[in-house]
Amino acid sequence: ADLSSVPGLNEPSRVLAIPVRRSEQRMVLVVGSTTQNEAETLASFRNELLIAGPIALLLASFAGYLLAGVALRPVEEMRTRAAEISAQTPGERLPVPATNDELERLGTTLNEMLERLEDALQRERDFVADAGHELRTPLALLRTELELALRHADSPEELRAAVGRSAKEVDRLAQLAD
C-alpha cells in the first residue's frame, strides 16, 4: 500500500507490519509513527539549549563567584586582623573559623606562631631591661671614679690607680656584653 496516501502520513515516517492470525483469519498489523515529531523535538531541544545554556552558564558562574566569596570571607577576616596585629597590641590573635578543615588548622597554626613570637619579644624586652640595669650601675661607678680622679687626684699615681680601676670596670662590662 502507498503510505503517502494514508491520511496523516504525508511526512517522513516509520512503519512496522507484523502478520497476525485472528479467528482463522490472516491479517497484518501495521503500526507507524512519523519521524517529524522526533525532528521537531530535537529542534526544540536545540533551541532550548541555545537559550537556556548561556543563561545556565551565567547563573552557575554567578553562584560560583558567590560561593567563592563566602568560602574566602574567613581568609579575608584573618588577613585583615593579621595586618592590625603589631608589637604594640600583644595578645591579639586571628579569628579562627570552627570549620574543622585546612582553614581552621591554618588559623590555629598562625595563632600559635603569634604566641611564640610574643613570648620571644617579651624575653627580648626582659633581656634588654636586665642588660640596661646591669649596665647602669657599672657605668655610674665608672663615671664617678673618673670624676673623682679628675677633681681630687693629687698625684699622677692616684690618677693612674683611678684609670686602672676604671679599666677593670670596662673589662667587666665587656664580659657582660658577651
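Taking Pro95, Pro138, Pro74 as the candidate residues, the one with maximal mean-square fluctuation in a Gaussian network model of the chain, Cα springs under 10 Å, is Pro138. Rounded to the nearest 20, the size of the Cβ-charge dipole of the chain about its Cα centre is 940 debye, with Lys and Arg at +1 and Asp and Glu at -1. Relative contact order, whole percent, for the chain stands at 9, derived from Cα pairs under 8 Å and 6 or more residues apart.
Dipole check for the stretch 54-132: with +1 at the C-beta of Lys and Arg, -1 at the C-beta of Asp and Glu, and the Cα centre as origin, the magnitude is about 320 Debye.
Using only Cα atoms, find the angle between the long axis of helix 36-84 and the longest principal axis of the chain, and express it within 0 to 90 degrees, rounded to the nearest 10. It is inclined by approximately 10 degrees.
What order, most packed first, do the peptides 145-155, 49-59 have when packing is the mean number of other Cβ atoms within 10 Å of each residue?
Ranking, from highest mean packing down: 145-155, 49-59.
Net charge within 13 Å of Glu145 by Cβ-Cβ distance, Lys/Arg positive one each and Asp/Glu negative one each, not counting Glu145 itself? The answer is +3. Could you tell me which residue out of Met27, Gln175, Leu72 lies farthest along the dipole of the chain toward its positive end? Charges go on the beta carbon: Lys and Arg +1, Asp and Glu -1, centred on the Cα centre. The one lying farthest along the dipole's positive direction is Met27.
Evaluated over the Cα positions of the chain, the convex hull gives a direction-averaged projected area, one quarter of its surface, of 25.5 nm².
Among Leu16, Ala56, Leu148, flag the residue with its Cα farthest along the positive direction of the charge dipole of the chain, charges on Cβ as +1 for Lys/Arg and -1 for Asp/Glu. It is Leu16.
Relative to the Cα centre, the charge distribution of the stretch 47-93, modelled as +1 at Lys and Arg Cβ and -1 at Asp and Glu Cβ, gives a dipole magnitude of about 120 debye.
Just so you know, all these numbers are worked out from the coordinates, no wet-lab data involved. The structure displayed is predicted, hence computed values, not measured ones. Backbone-built Cβ (ideal geometry, glycine too); neighbour counts: all protein chains shown.
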